[in-house]
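Novice: After the structure tokens below, expect a handful of questions from me.
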Amino acid sequence: IANYAAPTGGLVTIASGATYTKTTTVNLAIYASGATQMCISNTTSCTAWITYATSKTWTLSAGSGTKTVRVWFRNAALETTTTPAPDTIILDTVFPVNGTLAAAGAYNATTSAYDTINISWAGFSDATSGMASYKLIWSATSMPGTCSGAGLITVSRTLSKYSVTGLTPGSTLYFRIC
């Protein structure tokens, strides 16, 4: 009688090790030595065995929050790992809460003109993943429709103000924060 051992070294990594995802569809990287089958689950139980593969597209359970994916492995002799290989990721499907943006002209004593605009913002929040950064964009022609293009800067999440200097006095600028 041959001595068979369950697969070893079981490992699963969700979305290349990312902390957060905004979609329920993720890619899994999977590894186990000696595995011929695997069972992937969003719960603590295994229900369906499939052919072992080193990568798999997977659908997380719905709803924002921490998601755990577990993978069990077994070999050709049906020897199965006793505990699954787990990995977690935070699913964030809720948009951040909008705050307010204010802009005010500032007098520059050196140029004797109002050639600076001080922009400030408050009240933006994201309960699931937090605020990573702010993107501030401005245009001299119309309200920016997106947060891309010329006039775009990325501001640290710890800041809540920014100054635009060197402006032509009397000019109009349109601001958007994302």
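Novice: Consider the range 1-38. How many of its residues are out of contact with any Ser or Thr (no Cβ under 7 Å at 6 or more places or on another chain), surrounded by fewer than 18 Cβ atoms within 10 Å (Cβ to Cβ) and not polar (S, T, N, Q)?
Specialist: Summing the residues that are out of contact with any Ser or Thr (no Cβ under 7 Å at 6 or more places or on another chain), surrounded by fewer than 18 Cβ atoms within 10 Å (Cβ to Cβ) and not polar (S, T, N, Q) in the range 1-38 gives 7.
Novice: Quickly run through the range 39-67 and pick out the residues that are crowded, with 17+ Cβ neighbours inside 10 Å and under 16 Å from the mean Cα position of the chain (by Cα).
Specialist: Residues satisfying the conditions are Leu60, Lys67.
Novice: Quick check on the range 90-98. Is at least one of its residues open to solvent by 40 Å² or more (accessible area, probe 1.4 Å), without any contact (Cβ under 8 Å) to a residue 24 or more places away in the chain and more than 26 Å from Gly17 (Cβ to Cβ)?
Specialist: Within the range 90-98, not a single residue is open to solvent by 40 Å² or more (accessible area, probe 1.4 Å), without any contact (Cβ under 8 Å) to a residue 24 or more places away in the chain and more than 26 Å from Gly17 (Cβ to Cβ).
Novice: Suppose we filter the range 110-159 for residues that are assigned to a loop (DSSP other than H, G, I, E, B), under 20 Å from Thr21 (Cα atoms) and of a type in the set (S, T, N, Q); how many remain?
Specialist: Qualifying residue count, the range 110-159: 2.
Novice: Also, quick follow-up: If I ask for residues that are without any contact (Cβ under 8 Å) to a residue 24 or more places away in the chain, more than 17 Å from Tyr174 (Cα to Cα) and open to solvent by 70 Å² or more (accessible area, probe 1.4 Å), which ones from the range 140-160 would you list?
Specialist: Within the range 140-160, Thr158 is the sole residue that qualifies.
Novice: Hey, which of the strands (runs of 3 or more DSSP E) in the range 25-71, taking only ones fully inside, have at least 2 residues that are closer than 28 Å to Val94 by Cα, free of Cβ contacts under 8 Å to residues at least 60 places away in the same chain and among the hydrophobic types (A, V, I, L, M, F, W, C)? Steps first, answer last, please.
Specialist: Values: elements: 25-33, 37-41, 55-59.
In the range 25-71, the matching strands (runs of 3 or more DSSP E) lie at 25-33.
Novice: Output the number of the condition that Ile153 fails; it satisfies all remaining conditions of (1) out of contact with any Gly (no Cβ under 8 Å at 6 or more places or on another chain); (2) under 30 Å from Ala62 (Cβ atoms); (3) not acidic (Asp, Glu).
Specialist: Ile153 satisfies every listed condition except (2).
Novice: Shifting gears a bit: Name the residue that is modelled with the lowest pLDDT, counting only residues in the range 99-109 that are in a strand (DSSP E or B) and open to solvent by 30 Å² or more (accessible area, probe 1.4 Å). Step through it out loud before you land on a result.
Specialist: Step one: of the range 99-109, the residues in a strand (DSSP E or B) are 100-108.
Add one more test, that the residue is open to solvent by 30 Å² or more (accessible area, probe 1.4 Å), and what stays is 100-105, 107-108.
Working: Thr100: 90, Leu101: 89, Ala102: 89, Ala103: 87, Ala104: 88, Gly105: 86, Tyr107: 83, Asn108: 80.
The residue in question is Asn108.
The values are calculated or read from the model by the stated rules, or taken from the named source; none is laboratory data. Because the structure is predicted, anything quoted here is derived from the model rather than measured. Neighbour counts run over all protein chains shown; Cβ positions are idealised from the backbone, glycine included. Areas reflect the complete protein model, heavy atoms only, side chains present, ligands, DNA and RNA absent. Shrake-Rupley method; radii C 1.70, N 1.55, O 1.52, S 1.80 Å.
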